[in-house]
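The values are calculated or read from the model by the stated rules, or taken from the named source; none is laboratory data. A quick note: this is a predicted structure, and the numbers were derived from the prediction, not measured. Here the Cβ is made from the backbone with ideal geometry for all residues, glycine too, and neighbour counts use every protein chain on show.
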Amino acid sequence: MIKAGIAGVTGYVGEELARILLQHPQADIKAITSKTYAEQNYNDIYSNFNGLFMASCQEENIAKMAKELDIIFLALPHGIASKKINKNILEKVKVIDLGADYRLCCQDTYEQWYNTEHFSPELLEEAVYGLSEIKREAVKNTRLVANPGCYTTCSILSLYPLLKEDLISKNSIIIDAKSGVSGAGRSLNLSTHYTECNESLKAYKISSHRHTPEIEQELSIAAGTDVSITFTPHLIPMNRGLLTTSYAVLNENLSYNDILEVYKKYYGKEFFVRILKEGIFPETRWVKGSNFFDLGFTIDERTGRIIIIGCIDNLVKGAAGQAVQNMNIMFGLDEKSGLSQVPLFPA
């Protein structure tokens, strides 16, 4: 059994990690920490765990956890992990950071977009960007995974094959993204109060969202040259779910079947990637509570553009589920372990 610990277990992502790991046949949650709820029973914080998980939250001690565990999940806000993780810690334990501290290869880019100092830049080169379907071989051999963000997971998986095969114009990409309110986290924020966001739809952080450089970094690696995108996120008044609509100009006249074969080349054997039938497009309700990424596309012959719809559960494939998928890869387990649940419907 893999001895696992979750730092930041009382946020929405931490709770989702606990829910998934508790049902994992080869993992055992040995430690949970919370700054806000230290010494409180977890099932008193989240009553859905009543009778199922009786552990109490402890004060965080990463050094102690490193000695006792096989893997630590850091479900913490950005700017914290880089203060806590160092090479000495990584010599003792594997780490999956669900924050942003190790996602960007360039320290200056991170500090510019996140407006904070990076405290362990020497680990940036070692960290592996954990987009499981694309970075599988690198994830197998690392001790530090930078788990991708939710917007980035959906955007990159949608566009990666097309850029890898040089099928779209690299500077024509527009990503229109929409996420449920849980993507904003559990902390109190006026903009996510019920009466502030219910019955309303809004764009936010226009041309300035922090996932932009992350998406551009990975798409540039795929293309082999710099890629610039226009990325606009929107808040949708629903609990969970994320959908991206990506637009790009095709480099040549290609048919639907031409593009389909490209997606099959990259994702045809991927359990968690579901390419939908022609004319059928993803909906958030069909992935809720699951680790699946649903993909559909069409070609607008009039404009020469391809339109790709991608859809995930932001808390699962966009966070905790992908983290567990990466854990499975790191320990040589079946990637589906603990993650093969049928999506919830209705929910």
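Brief remarks follow.
- Odd one out for residue 209, checked against (1) buried (at least 18 other Cβ atoms within 10 Å of the Cβ); (2) in contact with a Ser or Thr (Cβ under 9 Å, 6 or more places away or on another chain); (3) part of a strand (DSSP E or B): (3)
- Failed item in (1) in a loop (DSSP other than H, G, I, E, B); (2) buried (at least 17 other Cβ atoms within 10 Å of the Cβ), with residue 342 passing the rest: (2)
- The stretch 115-139 - residue that is surrounded by fewer than 20 Cβ atoms within 10 Å (Cβ to Cβ) and part of a helix (DSSP H, G or I) and, of those, nearest to the chain's Cα centre (by Cα): 136
- Residue within the stretch 66-88 that is modelled with pLDDT of 95 or more, touching a strand residue (DSSP E or B) at 6+ places or on another chain (Cβ under 6 Å) and either acidic (Asp, Glu) or assigned by TED's automatic domain parsing to the domain that holds residue 221 (or both) present: yes
- Leading residue by the ranking (nearest to the chain's Cα centre (by Cα)) among those in the stretch 232-256 that are over 27 Å from residue 317 (Cα atoms) and free of Cβ contacts under 8 Å to residues at least 60 places away in the same chain: 255
- Of the residues 203, 223, the single one that is over 19 Å from residue 157 (Cα atoms) and outside the structural domain of residue 13 (by TED's automatic domain parsing) is 203.
- Per-region count, the stretch 315-334, residues buried (at least 24 other Cβ atoms within 10 Å of the Cβ) and assigned to a helix (DSSP H, G or I): 12
- Of all residues in the stretch 172-201, those that are over 30 Å from residue 124 (Cβ atoms) and either surrounded by fewer than 13 Cβ atoms within 10 Å (Cβ to Cβ) or in contact with a helix residue (DSSP H, G or I) (Cβ under 8 Å, 6 or more places away or on another chain) (or both) total 15.
- Qualifying residue in the stretch 209-223 (condition: in contact (Cβ under 8 Å) with a residue 60 or more places away in the chain and over 19 Å from the mean Cα position of the chain (by Cα)): yes
- Note on the stretch 227-314: no enclosed strands (runs of 3 or more DSSP E) hold 3 or more residues that are out of contact with any helix residue (DSSP H, G or I) (no Cβ under 8 Å at 6 or more places or on another chain) and exposed (fewer than 15 other Cβ atoms within 10 Å of the Cβ).
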